[in-house]
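Notes follow the structure.
The values are calculated or read from the model by the stated rules, or taken from the named source; none is laboratory data. Keep in mind that what you see is a predicted model, and the values were worked out from it rather than measured. Note that each Cβ is placed from the backbone with ideal geometry, even for glycine, and that neighbours are counted across all protein chains shown.
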Amino acid sequence: MLEIRGLTVRYGSADVLSNVDLTIGTGEVVTLLGSNGAGKTTLFCVLSGLVRPSSGTVTFMGEDLARMRAGRIVERGIAQCPEGRKLFAQLSVEKNLMLGGYVHRGDRRAMKQSFESIIALFPALEAKLGAPAGSLSGGQQQMVAIGRALMARPKLLLLDEPSLGLAPLVLQQTLDAVAAINRTGTMVLLAEQNAYAALAIAHRGYVISDGRIVLEGTAADLRENDDVRRAFIGA
């Protein structure tokens, strides 16, 4: 469904991504493990149309995304939940969610169905719909951020560091929601530093370091890999 081949992104003379190959198949959760500055967010921004690659190919369901505008990419079925959530703090939870459904602006029924599905997935938000998004707890804000992305009904959801700033129990609830999203047929690309949590729900994974893919394998294989354990999990 998603195929990235030889992807390189340069900022000036520096390669932020270098010759990256990555694929996601139908129904998969794939995790991208890497430390801060490894290139995870840049890769997501390429997939969202916010950064143009210097070379390489990016195809989604047979279409070339490398030069496609961001709005068209959302319409094609890719939505991103950014690192740090990036909510509109002064706007209500409901308005933040509705902004994510902009692609359905001409279809009230689709907008309503998307909204109801988000509340069913995150029932704790129902009582907070009128509250400013900035007044919510970190876990609730993460629910809003994921819900906003899901309002577009994506075929592929890009989740950038959803564990950031979350307590272990809240993180587990968030990942349980991601697994539930995947069970409905949505593919997920999950960028994380918390390898233990990410690999628990992933089918496969990649490790990125200094803009290069240095390791890939099944989630089970990566959990048992000594280098991954030392770098991300702890021996």
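Here are the numbers for the structure shown:
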item	result
Strands (runs of 3 or more DSSP E) wholly inside the stretch 1-54 containing at least 1 residues that are crowded, with 21+ Cβ neighbours inside 10 Å, touching a His at 6+ places or on another chain (Cβ under 9 Å) and at pLDDT 95 or above	29-33
Members of the stretch 182-208 that are modelled with pLDDT of 90 or more, in contact with a helix residue (DSSP H, G or I) (Cβ under 7 Å, 6 or more places away or on another chain), not in a strand (DSSP E or B) and not small (G, A, S)	L199, I201, H203
Odd one out for K112, checked against (1) over 23 Å from V178 (Cβ atoms); (2) assigned to a strand (DSSP E or B)	(2)
Members of the stretch 147-162 found to be under 13 Å from the mean Cα position of the chain (by Cα) and within 20 Å of I24 (Cβ to Cβ), listed by number	A149, L150, P154, K155, L156, L157, L158, L159, D160, E161, P162
Among the residues listed as A145, A127, the single one being touching a residue at least 60 places away in the same chain (Cβ under 8 Å) and assigned to a helix (DSSP H, G or I)	A145
